[in-house]
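The values are calculated or read from the model by the stated rules, or taken from the named source; none is laboratory data. Quantities reported herein were computed from a predicted structural model and do not represent experimental measurements. Cβ sites come from the backbone with ideal geometry, for glycine too, and all protein chains shown count toward neighbours. SASA here: full protein model, heavy atoms, side chains in, ligands and nucleic acids out. Shrake-Rupley method; radii C 1.70, N 1.55, O 1.52, S 1.80 Å.
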Amino acid sequence: MPQKKSEFIRWFEEVGKNDVALVGGKGANLGEMAQAKFPVPNGFVVTSTTYFHFIEETGLKQKIAKVLENLDVNDSKALTTAAGNCRKLIMSASPSPEIKEAIIAAYQKLSEGKPALVAVRSSATAEDLPEASFAGQQESYMNIKGKESVLKTIQIAWSSLFEDRAVFYRAQKGFDHLKVGIAIPVQLMVHSEASGVMFTADPISNDTGVISIEGGYGFGDAIVSGSITPDQYMVKKSPLEITSKHIVDQPKMLAKGTTIPKNAEKFRPESELFWVDVPKDYREKQKISDGLILKLAEVGSNIEKHYNHPQDIEWAIEKNRVYVVQTRPITTLTVQDDVKPTTTVASVPQSSAAPTLNQPVLLQGLGASPGIATGPVCIIKDSTEIDKVKKGDILVTGMTTPDFVPAMRKAVAVVTNLGGRTSHAAIVSRELGIPAVVGTDLATKTLKKGEIITVDGKQGKIYSGKVDLSTGQAAGAIVAPNLQEMLKKTATKIYCNLGEPQLAEDIAKRNVDGVGLLRAEFMIANIGQHPRYMLEKGRRDEFVDELFDGIMKFAKAFDPRPVIYRATDFRTNEYRGLKGGEKYESEEENPMIGFRGVSRYLADPEVFKMELEAIKRVRRYHQNIWVMLPFVRTPEELREAKKIMATMGLYRTGTFKLLIMVEVPSTVLMLERFIGVGIDGVSIGSNDLTQLILGVDRDNAKIANIFNEQNPAVMWALEHIIKVCQAHGITSGICGQAPSEYPELVTKLVEWGASSISVSPDVIEQTRDLVAQAEFEKVRMRKFSA
């Protein structure tokens, strides 16, 4: 028997927050606001009953069940194939005439005779499951016009129930794919003169006493996609008062209508929106009046009171009237009490002075990664000889590059002729948890193949034979923190720097807030071949698959904590070492300041897109992967890189953040211009920034003593960066080696207001202790001065 049409369609005013099972979370929220008389554009919901009726009457239920039978969702290729086949089945079927007629009738009623522009949203639901469990796993579609387009888009929205990430999530949580439904809200689009997003608490500072409003001219798709930078207005809640404004230059906006220039560029091929120029007299002006800012804040405050929780609200303005098009709870707030002092948990003791020994020191270098190890020497000249290194060897070489990593994983220690404490050998050794001594000058000449030596990675000394240094700690051992350590929290996020997928699971078990620097280079070095070489050999998918597998390990291990993926920052000499690299990489006199970072992405966007595709695929399953762009020299470079990311469907959103590394002096001096292009935060690369400010090659052991992140010029730059970011409401962090080397710098970073500190795994707990104490002192001094 056919269902009644009333079962297929519900209008917003007919539903409320208790109707999630029928109309989904978004539909229930829109209906709740409509009933509470908030200014919500009218609309209706194609109910979950309609979807279930559709898959039943077309025989899709049995077909989908067969496709998903015995699916291993951890097999990414099998998952992609199965999910894609489910979507194809849905798109190839035809809804019954009753369903089509009900939807068309509702659309025509909503349009009032003339085809209306609508938003078609989607949200999964189930009788016993809150919709928030599926947040971000289905798609929404804006600016749809005409009954045929609406019907087609609703069917596309149904198929989004079988996006890879949604299938993966349900399988992981043990939900029956065929018992989870989907409802489709269809809502009138506002003819936006201005639009934006409003947070009824500051999501950066967690301040619940303020409202943060972002706005720009035209339709909101421009802001949501990250194509423009909006104004930002901060409003105090009680009493309502504008406390600050950040006004930006907006050169273009999204619009529609009959006055669109003939040569205007479409926003998207299927969209009714076009890019048009903002008149010059209005570009640098405040986008909405003070009166409308306060009206928005009033509406937002009332919605927050209605839901009794801070809200993330999308808004639009037409003819000076405020509309709310969507609201959802802010889920990222971590409101904290005043920081209280915590008892420091002692690590395994290790003497700060060298042991008194009769055993002569064979070599002295720079201690670059702490720990003690004994083993046979294995000397290799370059990366072509890494197969010589066996498990338990001490790797001795001139200097390491990313393609040495497979050998470094086998070694119990690393010794190099060249390099400083921030060299590749030092950084990777700390991450692997093995001792390293760098800058010895003569290691490859003094040490002999097979000779047994002991390496003291803290003191930078190498002894002949097996020497008991009585540190009480095995080389490379990671001391498991006790319960008190695991419960210790700080307002400043403590992240770690990683690059080796094999370490992800172990490090994720520790008291760390996420990965502040996920180095792409190590994973690409493990692939072993130049990406352009693989691309031209028709092996693009192989490269993407391998990179996807590596990133996936980090995302899965740390979820829901953020993992900030730094896009590749290979220099030409490092890329030449990969198979096929000599064909594509010229020899540079100074690769450190040569063809690297964002400049490389713009010169070869196809290779950059391979990385982005891997990121996008990972985000189907885990939304905690963000992207950070390295070595950005100019705002124009950043703008062009964002355009490439946009072509791959990667835009700044509530769950996807875009950061840049600040490691070039120009970025420090023009930071406000970079922020104006549109970013969510910065991370200071103290290693590169220090060497470029001081003009010091960090890998040159002869001048390593000059390389100092506490130089006054560097300290000025760090403070300037953090305070500019604070003023503009974006996050600031540091991911260089400086906090690991200089505990006193940690205190300064907390004092200045850094959002996060990212360190090597060996000093996570130590850094947390330092930050906790610094935060306590900051709060104590603030109360004392008050």
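Points to keep in mind about this one:
- P(r), alpha carbons of segment 69-112 - 10 Å bins starting at zero, rounded %: 23, 27, 22, 20, 8
- Applied to segment 632-642, the Karplus parametrisation 6.51 cos²θ - 1.76 cosθ + 1.60 on θ = phi - 60° returns per-residue 3J(HN,Hα) values of 8, 8, 9, x, 5, 4, 4, 4, 5, 5, 5 Hz, with x for Gly and Pro.
- Share, in percent, of DSSP beta bridges within segment 368-448 that are antiparallel, nearest 5: 10 percent
- Around the amide H of T125, modelled in the peptide plane, lie the amide H atoms of G181, I182, A183, all under 5 Å away and 5 or more residues distant in sequence or on another chain.
- Only the Cβ atoms of Lys and Arg (+1) and of Asp and Glu (-1) were treated as charged; on that basis the dipole of the chain about its Cα centre amounts to roughly 680 debye.
- Accessible area of segment 498-574 belonging to carbon and sulfur atoms, whole % at 1.4 Å probe: 43 percent
- Degrees, to the nearest 10: 605-618 long Cα axis against longest axis of the chain: 70 degrees
- Normalised per residue, the accessible area of the chain is 43 Å², obtained with a 1.4 Å probe and no contribution from ligands, DNA or RNA.
- Once backbone amide H atoms are built at 1.01 Å from N, V759 has Y495, C496, N497 as its partners under 5 Å, excluding neighbours fewer than 5 places away on the same chain.
- Rough spin-label spacing in nm, given labels placed 7 Å along Cα→Cβ, for D277 and K61: 5.9 nm
- Counted charge near E284, where neighbours are those whose Cβ lies closer than 12 Å (Asp, Glu -1; Lys, Arg +1): +1
- In this label model, T384 and N320 are separated by 7.7 nm, measuring between points 7 Å along each Cα→Cβ vector.
- In this structure, K449 and L669 have a Cβ-Cβ separation that, at R0 = 60 Å, corresponds to a calculated FRET efficiency of about 0.75.
- Dividing the mean sequence gap of close Cα pairs (under 8 Å, 6+ apart) by how many residues the chain holds gives a relative contact order of 9 percent.
- Under the Karplus curve 6.51 cos²θ - 1.76 cosθ + 1.60, θ = phi - 60°, whole-Hz ³J(HN,Hα) for segment 177-190, x wherever Gly or Pro sits: 4, 8, 9, 9, x, 8, 10, 10, x, 10, 10, 4, 7, 7
- Where Y233, Y141 fall by accessible area, highest first, once all protein chains stay in place (1.4 Å): Y141, Y233
- Were the residues from V779 through K285 laid out at 0.36 nm apart, the gain over their Cα-Cα distance would be 174.0 nm.
- Under the simplified labelling scheme, the T81-K702 pair shows an inter-label distance of 5.9 nm, with each label point 7 Å from Cα along Cα→Cβ.
- On the basis of the beta-carbon distance and an R0 of 41 Å, W11 and I242 show a calculated FRET efficiency of 0.65.
- Loop-located GluC sites (Glu not before Pro) in segment 17-98 (DSSP state not H, G, I, E or B) with no more than 10 neighbouring Cβ atoms inside 10 Å: E69.
- Placing a label point 7 Å from the Cα of K643 along the Cα-to-Cβ direction, the residues of segment 556-600 whose backbone N falls under 18 Å of that point are 598-600.
- Here the Karplus curve 6.51 cos²θ - 1.76 cosθ + 1.60, taken at θ = phi - 60°, turns the phi angles of segment 656-669 into couplings of 10, 9, 10, 10, 10, 7, 9, 9, 10, x, 4, 5, 5, 6 Hz, with x standing for Gly and Pro.
- Extended-chain gain in nm, criterion 0.36 nm per residue less alpha-carbon gap, S464 and L694: 79.1 nm
- Loop trypsin sites (Lys or Arg not before Pro), segment 483-557 (other Cβ atoms within 10 Å of the site Cβ: 13 or fewer; DSSP): K509, K537
- Here the accessible area of segment 636-786 is 55 percent carbon and sulfur, with a 1.4 angstrom probe and all protein chains present.
- Taking all protein chains together and a 1.4 Å probe, the residues M670, M189 rank M670, M189 from largest to smallest accessible area.
- Charge context of E451, other residues only, Cβ under 13 angstrom, K/R +1, D/E -1: +3
- Inter-part distance where segment 562-610 and segment 302-328 are each reduced to a Cα centre, Å: 45 Å
- Solvent-accessible area, 1.4 Å probe, carbon plus sulfur percent, for segment 1-119: 49 percent
- Degrees, to the nearest 10: 764-785 long Cα axis against longest axis of the chain: 70 degrees
- Bridge orientation summary for the chain: considering DSSP beta bridges with both residues in this region, about 65 percent are antiparallel.
- Listed by chain and number, the aspartates and glutamates whose C-alpha is less than 13 Å from the C-alpha of K616, apart from same-chain residues fewer than 8 away, are E163, D164, D545, D549.
- Counting only alpha carbon atoms, the long axis of helix 20-35 and the longest principal axis of the chain meet at about 70°.
- Counting only protein chain heavy atoms and rolling a 1.4 Å probe, the accessible areas of R561, R619, R639, R596 rank, largest first, as R639, R561, R619, R596.
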